[in-house]
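First up is the structure itself, then whatever we jot down about it.
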Amino acid sequence: MPTFSEARRTILDHVSTTGIERVSLIDAIGRTLAEDMTAPWNMPPWDNSAMDGFAVRAGDCQAPQTLLKVTGYIPAGAIATSAVEAGCAIRIMTGAPIPPGADAVVPVEETEEDADSVKILEPVKARQHIRFAGEDIKTGDRVLAAGTAITPSAINMLASLGTALLPVFRRVRVAIVSTGDELVELGGQIGKGQIINSNALSLAAAVKEIGGEPVIVGIARDNRESHLHILQQGLQADVLITSAGVSAGDRDLVREILTELGAEQLFWKVDIKPGRPTAFAMKANTPIFSLPGNPVSSMITFEELVKPALLKMMGRKQVIAPLFKATLTEEIRKKPGRLHFLRVALERGKDGYLASSSGNQETGIVKTMIQADGLAMLPPDKALFAAGEQVDVHILNQDFLLEEA
Ligand code: AMP
Ligand code: MG
């Protein structure tokens, strides 16, 4: 049985990106760049003023209180038609091109203007307050490497360089199959002994949250024909996620039918709690995650094992959540042997984060998953964790990292 990190390694080693598409810049936010981008021109494109003020020859302005004749005006968006002659200045606005002859800009605050002359109050350094052509980016520079996550600042740069469509890795289409005779779709009649197929919705939401495209295929009933039919449909997508039907129960058909359909099983059972019955298989290039049916188990195994894989498939380089140290506020006991993901509520202490159990850790208890800000990873061998001990926590609730309003 693989350990948690072995299982995650196996999964990540088997998945890769599924293709490239071109999307408009604004739709590229949060996506991953699929090709290197080079600059077709300099940024800035020409020398321009960093201030509202006067374009001058620095050599003319070495004495304090130099008086210069103002011979023109260049607003932003205009081009410089005449040069700055000796003893002269041209009024210039921020972003406007530096006129020939000038080698410095004097901010308006450091001048005294008259009708057609300007007094420069302080000596001027050559090159001051000029933004030079190519200072940010030079023609032909690689501005962004494939694999970069697109941020608003990347979009700003690419827009300035005239990019309208951006090559990004495709979103993964993720088929979600639920299994079990007890399940009813949301909105359907709930009979005796039946429960709503809630896993399909939480898994679909989790896929959507990271930029994937969930496709809820439906429910495979606990018989061969239904499994064959629904799993075959699920295998049309880039990724297949199933929930339930992977324990050792008689009616747990998922792995058997997947094998019949040509899937190669890479592992079944991982040394973790919850999530032990998780299976991973590949059919050609399609990864198949068979998650346990208990809602919390399916959510935690998605978070810890599926999500990194989907992010990698969408081109991301960084896919594994960071671990933060937190101090336990109470004693925690567990059976030695497996890695436990303990649902914890977090608080900010004066020396860092404090973690306490968010309550009942049974895998059918969804409330304590909602109340968990993170999952503390309790290493396999240990059984007793004393109050005051430090544990590694995978933070689930990103809002926890924000300050209150
Ligand atoms: P199983 O692995 O089929 O034995 O299912 C384990 C537990 O998870 C059972 O209590 C099921 O009722 C529950 N379960 C299975 N599938 C779902 C689902 N799609 N939504 C919510 N609960 C489920
Ligand atoms: Mg079942």
Average the reciprocal distances over every distinct pair of alpha-carbons in the chain, invert the result, and give the Kirkwood radius in Å.
-> 25.7 Å
Enumerate the residues in region 378-405 having an amide nitrogen under 11 Å from the point lying 7 Å beyond the Cα of Arg333 toward its Cβ.
-> 384-385
Region 372-405 and region 230-288 have their Cα centres apart by a whole-number Å value of 30 Å
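Could you work out the mean projected area of the convex hull around the alpha carbons of region 101-223, in square nanometres to one decimal? Working shown, then result.
Working: hull surface 65.9 nm².
With every direction weighted equally, the projected area is 16.5 nm².
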The answer for the chain, accessible area per residue at 1.4 Å probe in Å², is 49 Å²
Label Asp399 and Glu113 with points 7 Å out from Cα along Cα→Cβ: what is the distance between them in nm?
-> 5.1 nm
So which GluC sites (Glu not before Pro) in region 1-53 pass both tests, a DSSP loop state and at most 15 other Cβ atoms within 10 Å of the Cβ?
-> Glu35
Summarise the accessible area of the chain (1.4 Å probe, protein heavy atoms) by the percent that is carbon and sulfur.
-> 51 percent
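So between Glu85 and Trp46, what do we pick up on full extension, going 0.36 nm a residue minus the alpha carbon distance?
Result: 12.0 nm gained on full extension.
The values are calculated or read from the model by the stated rules, or taken from the named source; none is laboratory data. Treat the numbers as computed from the prediction; the structure is a model and nothing was measured. Here Cβ is always computed from backbone atoms with ideal geometry, including for glycine, and neighbour counts include all displayed protein chains. Remember, those area values only see protein heavy atoms, side chains included, never the ligands or the DNA or RNA. Shrake-Rupley method; radii C 1.70, N 1.55, O 1.52, S 1.80 Å.
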